[in-house]
Amino acid sequence: MAELIPGAFMVSTDSCSDATWDDFLAECPGGHHEQSTPWGAVKSRYGWTPQRVTLRREGRILGGFQILTRRVGRVLKIGYVCKGPILSAWDSEALEACVQAVDSFARRNGISYLVADLPYNGQPLVDAFQKIGFVAHPNHLPPSAMMKATTIVDLRPELPEVLARMTKTSRYNIKRGEREGVTVREGNADDIPIFRQLMLQLCARLQTSATPPEPDFFQNLFRVFSPKGHISLFLAEYQNQVVSAGVVFFFGNTARLWKVGWSGEAAKACPNNVLWWGAMKNAKERGCEFFDLVGIDDKIAKQALTGRPMSIEEAGSAHFKLGFGGEVLVLPGQYTRFYNPVLKLVGSESGAAFISSRGARSALKLTRKLWARTAK
């Protein structure tokens, strides 16, 4: 252990559980379930190795990160820090120590390619990462389709005020769905296959790949996260049939609607509006202060921040989420460093043209498949 700032040391661990770290995350601004040890435990079942590095002073955690690593063939090793590093306060010395620790970890462990997907409040980290050689993650390299913006509903007011902040259309659709007889119930492990089928149906209509792709991922997710009440499944029923569903994480003061599914049926009964409102009400009952709708297009988000009204055609699928009256948040983004010289070339501006070659596509094919397994 090296003393990086007065009285503070970096501590590395690969233990399967760490209640101290998880408690720190839950209390820390920006703490996210994908930095938690249960998340690492789930990912370890699919070939990833979770490790944590924490900055501590007199036993108290000041900051740190969990990193997932995985080998690609015999040569390459990739690393992924999702929604980290996390700090209890944006102290400049602690911030730089954590960023340097990410770089040092990568070098010591022979990582070829590392991506840091910064936490929601991680804008202060950007300069520090760029200073040591990280660059904005190239769009032409995996992992792709990472979240760049979101919208967060404030649950601290009373429910009538939360409802009043929504658009007129969203309020109408919620009330209409309730009048039509749409009900929401909290599911259990027996309902997971129903949810996954609804998710696959939605992905098929959107012509996107279902993530995570593993058939048993949600069973493992609930097995690990359920004991501490960090996850729930909500199902919307119409005429005794489950037509839509959503998986919600409860972590710290925030609930996150992480994955959703919809059969496409009963559209006029607005089951999705009722489902999301039901999940919000449940989150408020649990004491959550915020409800994260998890992901909107960043171009739409930036336009929404200008205050100019957008039509449904302009906003596209984001129109539904924006209707819930949340605060639009453009995220700090993802930053990458290539420690392997060949990958550094591929990640450069000229690399976009290079990877169109047959040889480069073959070299990256396996990497893309493995990175796809990190998708949220």
* **Selected from Ala318, Leu76, Ala267, residue furthest toward positive end of dipole (the chain; charges at beta carbon)** => Leu76
* **Residues of the stretch 113-143 with amide N under 15 Å of a point placed 7 Å along Cα→Cβ from Ser92** => 124-129, 131
* Structure fact -> Taking 0.36 nm per residue of separation between Gln100 and Asp297 and subtracting their Cα-Cα distance, the length gained on full extension comes to 67.8 nm
* Asked: Does anything in the stretch 215-244 have its amide N under 14 Å from the 7 Å Cα→Cβ label point of Thr183, and if so which residues?
  -> 235-243
* **Charge dipole magnitude, Cβ of K and R +1, D and E -1 - the chain, Cα centre, debye nearest 20** => 1240
* Of all trypsin sites (Lys or Arg not before Pro) in the stretch 266-338, which ones are in loop regions per DSSP and have a Cβ with at most 14 other Cβ atoms within 10 Å? -> Arg286
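Exposure proxy check: Ile192, Ile67, Ile231 ranked by fewest other beta carbons within 10 Å? Present the calculation step by step, with values, prior to reporting the outcome.
Numbers: Ile192 19, Ile67 28, Ile231 22.
In order of increasing Cβ crowding within 10 Å: Ile192, Ile231, Ile67.
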* So which GluC sites (Glu not before Pro) in the stretch 129-193 pass both tests, a DSSP loop state and at most 16 other Cβ atoms within 10 Å of the Cβ? -> Glu158, Glu180
* **Cβ-based charge dipole, the chain, positive-most Cα from Ala19, Val126, Ala116** => Ala116
* **Cα-centred dipole magnitude for the stretch 149-330, charges only on beta-carbon of K, R (+1) and D, E (-1), debye, nearest 20** => 300
* **At R0 = 22 Å, FRET efficiency that the Cβ-Cβ distance of Glu289 and Val126 yields, to 0.05** => 0.25
* To do: Can you put Asp298, Asp117 in order of Cβ neighbours within 10 angstrom, beginning with the fewest?
  => Asp298, Asp117
* Asked: Helix-derived [θ] at 222 nm for the chain: sum -39500 (n - 2.57) over DSSP H runs of at least 4, divide by residue count, nearest 500?
  -> -11000 deg cm²/dmol
* To do: Compute the distance in nm between two label points, each set 7 Å from the Cα along the Cα-to-Cβ direction, one at Glu313 and one at Arg176.
  => 2.1
* **Exposure proxy order (Cβ contacts within 10 Å, fewest to most) of Cys98, Cys288** => Cys288, Cys98
* Relative to the longest principal Cα axis of the chain, at what angle does helix 358-372 sit, 0 to 90 degrees, rounded to 10? -> 60
* Using R₀ = 25 Å, calculate the FRET efficiency as 1/(1 + (r/R₀)^6) where r is the Cβ-Cβ separation of Gln241 and Gln219; round to 0.05. => 0.65
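Read-outs: derived from the displayed coordinates by stated rules, not from any lab. Predicted model, so just to flag it, every value in this text is computed and none were measured. Neighbour counts are summed over all protein chains in view; Cβ atoms, including those assigned to glycine, are modelled from backbone coordinates with ideal geometry.
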